Ligand SMILES: [Fe+2]
Ligand SMILES: [Fe+2]
């Protein structure tokens, strides 16, 4: 399948996998904002589109099924994912896309780590993490800053998105995922090394 075929196939598949109109709306908001970022920051729009269309493919699958599929895909399940299986939806979506469409490593990594962030994230992943929390369907304190800064700099936008995840986790008493704090530490380390 070429890139165009993958995109149209994925659009069909999304309709089957995502029943809620709000979530479908979210996915297309992510697509829209990620396309803007890709254009501005000169990243492949088609590859970003595949990552955005596919990132939440398994978001509506029920928790016990997510555990079963993760086992089939040999995805390591920690006690945190065991207690909140929804955390597996990105990893499962990435594995599915790799098997079905043979997506490249950067798209895979973007989708796999879109919930947590990833300390060695590429451009596509940075765009996806930002767009996932900056689309028009999102409304929270700081979202405007995230939108504006990410149009200027992907690195700055990514830093703000990770920072927001940490604040949100503390505020809502949710887990700060391992890759989220590792990403934060990596960003600070790189900053210190460059000073
Ligand atoms: Fe997601
Ligand atoms: Fe999402």
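The values are calculated or read from the model by the stated rules, or taken from the named source; none is laboratory data. These numbers come from a predicted model, not from an experiment. All Cβ positions, glycine included, derive from the backbone under ideal geometry; neighbour counts span all protein chains shown.
What the table below lists for this structure:
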| item | result |
| --- | --- |
| For residue 119: the one exception among (1) surrounded by 20 or more Cβ atoms within 10 Å (Cβ to Cβ); (2) touching a helix residue (DSSP H, G or I) at 6+ places or on another chain (Cβ under 7 Å) | (1) |
| Close pairs (8 angstrom Cβ cut-off, 6 or more residues apart or separate chains): under 19 Å from residue 188 (Cβ atoms) in the stretch 140-156, modelled with pLDDT of 95 or more and in a loop (DSSP other than H, G, I, E, B) anywhere | 154/41 |
| Number of positions in the stretch 9-27 that are surrounded by 17 or more Cβ atoms within 10 Å (Cβ to Cβ) and either free of Cβ contacts under 8 Å to residues at least 40 places away in the same chain or outside any helix (DSSP H, G or I) (or both) | 2 |
| Criterion violated by residue 106 - all others in (1) in a helix (DSSP H, G or I); (2) within 11 Å of ligand 1 (Cβ to nearest atom) satisfied | (2) |
| Test set (1) within 11 Å of ligand 2 (Cβ to nearest atom); (2) more than 14 Å from residue 124 (Cβ to Cβ) - residue 90 fails condition number | (2) |
| Complete set of residues in the stretch 28-46 that are away from ligand 2 (no atom under 16 Å from the Cβ), touching a residue at least 24 places away in the same chain (Cβ under 8 Å) and closer than 16 Å to residue 154 by Cα | 36, 38, 40, 41, 43, 44 |
